[in-house]
Amino acid sequence: MLHSPMLVLKDSLKRESGSKVHHANIQASKAVADIIRTTLGPRSMLKMLLDASGGIVVTNDGNAILRELDIAHPAAKSMIELSRTQDEEVGDGTTSVIVLAGEMLHVAEAFIDKNYHPTVICRAYNKALEDAIAVLDKIAMSVDVNDRASMLGLVKSSIGTKFTSQFGDLLADLAIDATTTVGVDLGQGLREVDIKKYIKVEKVPGGQLEDSRVLKGVMFNKDVVAPGKMRRKIVNPRVILLDCPLEYKKGENQTNAELVKEEDWSILLRMEEEYIENLCVQILKFKPDLVITEKGLGDLACHYFSKAGVSAIRRLRKTDNNRIAKACGATIVNRPDELQESDVGTGAGLFEVKKIGDEFFAFIVDCKDPKACTVLLRGASKDLLNEVERNLQDAMSVARNIIKNPKLLPGGGATELTVSAMLKQKSSLIEGIEKWPYEAAAIAFEAIPRTLAQNCGVNVIRTMTALQGKHANGENAWVGIDGNTGAITDMKERKIWDAYNVKAQTFKTAIEAACMLLRIDDIVSGIKKKQAPGSGPAQKPQVETEADADGEQILPD
């Protein structure tokens, strides 16, 4: 008897469909949003997480929290992915995007119950997104990137929600110094800031957080090859960077050399020594003070260098080498015989090896025009340093966004309230069935100021009613909630700002993700659940018979 295809599907796959799936997806997304809802704003709660290796993470960074969660539901997983995308793209707004997406799905639930088609809801949401971005363009304010005071205010307001806001201007200063150092002009008024490649954050436990600083150059965890013989402090060093080993090359394959005479052995050794001497001579003719290589450096080469008074460092990371090249103007060379005078880095003011705690760190600092830098973080414990580093990454991302697109928007939920008021006005002009989901999307934007009010501990209903009254006709675009006191104030006066890039990305990501999850009407799982040992009936061992062997295809020898 033949199985019908439907029966086979039922046997092997677990399948859910229709409005059941919509409700399940919406509930899962709301659950994720509720986890990090309390971490929005300056008076937010902290979360203590146990990571996979058994360590403890204390943070209120949305992305850092969601990264540690182990959730099986596919919709919840895609919500967590949103936070990661937001963090990679703009580095801030990781909590807002989840709260907003959760709210968008929550308001859509009523329409799913009334049998609205998800496509209609998505169409209305996309229209709302277009209009919301238009409102952002309208209320955005330009900022002068070279005005340090306004940049400082902006970075401070965006990391004011973080744990390290208690340390005042320190982190904002570090972030602005680091990003302005590595910024590269692309022409036509554009600047490129590569945080990942050219800004290294070096965490050294001990000391006070106030001792943290941005170096005008780079530091790395290495000492010179021969500490007694080589100098550990050089003023205005000439730096040569190499990407090749300064030791005798071993054969690629297994090599056998048959020596007939005893002198041949000494000739062979001399050849090796001459090869290394030749390499060193080629390098030393450029009169360097410091030679750094990514590969090994043999004892003989070390001897020649120390005899010439040259300090050497070996086995440096590729990324560190690139940063040194950017900082002191050197070029990384692959073969010593290709060295030219222009490859020698002369931009550094000081090379010094210092001992911090138990370890030696090499500093190449006081560079003339460094295009790479190191942020040295000091602090009491590793947990504190990890949290400070996370916050610093966010601060640097905000500074980078402003350098790339120098436009500001009001913070404290003011932007969302203005967008909400404008969309409510426009909803009366929309005809047909899409009007209601469009209006619901407008109401969903109020989730951000409402959450801020909840986390401040003020009366939410009174505060929201007062705010809605002020924003009623799209007026008072800069009125929002002061996250510390819960008071309704002008964001311009309090200098509570957000970057345009971050807000626009938050709205786009949240609404597009909500639309994607609403359009899922089927979850088909092909994963078989493992049986608990001893729960099912025991299977009999299979015994092969001669009849089975007859049926097998026997390959010819």
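The values are calculated or read from the model by the stated rules, or taken from the named source; none is laboratory data. Source: prediction; values computed, not measured. Using ideal geometry, Cβ is built from the backbone for each residue, glycine included, and neighbour counts are taken over all protein chains shown. Heads up: the accessible areas ignore ligands, DNA and RNA and are worked out on the full protein's heavy atoms, side chains in. Shrake-Rupley method; radii C 1.70, N 1.55, O 1.52, S 1.80 Å.
Can you pull out the residues in segment 296-329 that are among the acidic types (Asp, Glu) and more than 32 Å from the chain's Cα centre (by Cα)? Once the filter is applied, which keeps residues that are among the acidic types (Asp, Glu) and more than 32 Å from the chain's Cα centre (by Cα), segment 296-329 yields only Asp299.
Screening Val375, Val353, Val419, Val398 for residues that are in a strand (DSSP E or B), under 30 Å from the mean Cα position of the chain (by Cα), buried (at least 17 other Cβ atoms within 10 Å of the Cβ) and touching a residue at least 12 places away in the same chain (Cβ under 8 Å) leaves exactly one candidate, Val375. Answer yes or no as to whether Thr255 is hydroxyl-bearing (Ser, Thr, Tyr) and under 30 Å from Ile402 (Cβ atoms). For Thr255, the condition - hydroxyl-bearing (Ser, Thr, Tyr) and under 30 Å from Ile402 (Cβ atoms) - is not met. The set of residues in segment 432-448 being outside any helix (DSSP H, G or I) and either touching a Leu at 6+ places or on another chain (Cβ under 6 Å) or open to solvent by 20 Å² or more (accessible area, probe 1.4 Å) (or both) consists of Gly432, Ile433, Glu434. Determine whether segment 282-302 contains at least one residue that is β-branched (Val, Ile, Thr), more than 13 Å from Cys244 (Cα to Cα) and touching a strand residue (DSSP E or B) at 6+ places or on another chain (Cβ under 9 Å). Within segment 282-302 (the criterion being β-branched (Val, Ile, Thr), more than 13 Å from Cys244 (Cα to Cα) and touching a strand residue (DSSP E or B) at 6+ places or on another chain (Cβ under 9 Å)), the answer is no, since none of the residues qualifies. Just one of (1) modelled with pLDDT under 85; (2) β-branched (Val, Ile, Thr); (3) open to solvent by less than 60 Å² (accessible area, probe 1.4 Å) fails for Ile56. It is (3).
Specify the residue that is modelled with the lowest pLDDT; the eligible residues are those in segment 459-481 that are within 21 Å of Leu154 (Cβ to Cβ) and either in contact with a Gly (Cβ under 6 Å, 6 or more places away or on another chain) or aliphatic (A, V, I, L, M) (or both). Out of the qualifying residues, it is Ala477. For segment 188-217, enumerate the residues that are in contact with a Leu (Cβ under 9 Å, 6 or more places away or on another chain) and part of a helix (DSSP H, G or I). Once the filter is applied, which keeps residues that are in contact with a Leu (Cβ under 9 Å, 6 or more places away or on another chain) and part of a helix (DSSP H, G or I), segment 188-217 yields Leu209, Glu210, Asp211. Scanning segment 43-53 for residues that are open to solvent by 80 Å² or more (accessible area, probe 1.4 Å) and touching a Leu at 6+ places or on another chain (Cβ under 9 Å) yields a single hit, Arg43.
I'm trying to understand the selection: among the residues of segment 303-347, which are assigned to a loop (DSSP other than H, G, I, E, B), buried (at least 18 other Cβ atoms within 10 Å of the Cβ) and without any contact (Cβ under 8 Å) to a residue 60 or more places away in the chain?
Gly329, Gly347
Quick check, is Thr506 of a type in the set (Val, Ile, Thr), buried (at least 23 other Cβ atoms within 10 Å of the Cβ) and closer than 25 Å to His106 by Cβ? Spelling it out, Thr506 is indeed of a type in the set (Val, Ile, Thr), buried (at least 23 other Cβ atoms within 10 Å of the Cβ) and closer than 25 Å to His106 by Cβ.
Here Lys295 passes the criteria (1) open to solvent by less than 50 Å² (accessible area, probe 1.4 Å); (2) under 21 Å from Arg238 (Cβ atoms); (3) touching a Pro at 6+ places or on another chain (Cβ under 9 Å) except the one numbered (1).
The set of residues in segment 315-358 that are touching an Asp or Glu at 6+ places or on another chain (Cβ under 8 Å) and among the basic types (Lys, Arg) comprises Arg315, Arg317, Lys318. Filtering segment 468-496 to residues that are open to solvent by less than 50 Å² (accessible area, probe 1.4 Å) and either within 30 Å of the chain's Cα centre (by Cα) or of a type in the set (Phe, Trp, Tyr) (or both) leaves Trp478, Gly480, Ile481, Asp482, Gly483, Met491, Ile496. Considering segment 193-217, and only residues there that are touching a residue at least 40 places away in the same chain (Cβ under 8 Å) and more than 17 Å from Leu377 (Cα to Cα), the residue that is least open to solvent (accessible area, probe 1.4 Å) turns out to be Val193.
Of the residues examined, Ala75 is not one that is open to solvent by 20 Å² or more (accessible area, probe 1.4 Å) and either touching a residue at least 12 places away in the same chain (Cβ under 8 Å) or assigned to a helix (DSSP H, G or I) (or both). Of everything listed in (1) under 15 Å from Trp497 (Cα atoms); (2) modelled with pLDDT of 85 or more; (3) of a type outside the set (A, V, I, L, M, F, W, C), the single unmet condition for Tyr198 is (1).
Being in contact with a Leu (Cβ under 8 Å, 6 or more places away or on another chain) and not in a strand (DSSP E or B) is the filter; apply it to segment 218-258 and report the residue that is surrounded by the most Cβ atoms within 10 Å (Cβ to Cβ).
Pro237
For beta carbons closer than 8 Å, sequence separation of 6+ or different chains, a first residue in segment 22-48 that is within 16 Å of Ala514 (Cα to Cα) and a second that is among the charged types (D, E, K, R), the qualifying pairs are His22/Glu109; His22/Asp521; His23/Glu109; Ala24/Glu16; Ile26/Glu109; Ala33/Glu103. Of the listed requirements (1) within 30 Å of Ile481 (Cα to Cα); (2) at pLDDT 80 or above; (3) polar (S, T, N, Q), Ser165 misses just one: (2). Only a single item in (1) in contact (Cβ under 8 Å) with a residue 40 or more places away in the chain; (2) on the phi > 0 side of the Ramachandran plot is not met by Gly54, and it is number (1).
Filter segment 466-481 down to residues that are over 19 Å from Arg494 (Cα atoms) and not in a helix (DSSP H, G or I), then give me how many there are. Number of matching residues: 3.
Just one residue in the set Val107, Val135, Val97 is under 19 Å from Gln393 (Cβ atoms) and touching a residue at least 12 places away in the same chain (Cβ under 8 Å); that residue is Val97.
Within segment 370-395, the set of residues being of a type in the set (Asp, Glu) and modelled with pLDDT of 85 or more comprises Glu389 only. Among the candidates Thr463, Thr451, which residue alone is of a type in the set (S, T, N, Q), open to solvent by less than 10 Å² (accessible area, probe 1.4 Å) and not in a strand (DSSP E or B)? Unique residue meeting the criteria: Thr451.
Condition check ((1) at pLDDT below 90; (2) part of a helix (DSSP H, G or I)) across all residues:
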position	(1), (2)
Asn115	yes, no
Val120	no, yes
Ala124	no, yes
Leu129	no, yes
Asp137	no, yes
Asn146	yes, no
Met151	yes, yes
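Scanning segment 378-395 for residues that are of a type in the set (Gly, Ala, Ser) and more than 24 Å from Asp185 (Cβ to Cβ), we see that the one that is most open to solvent (accessible area, probe 1.4 Å) is Ala380.
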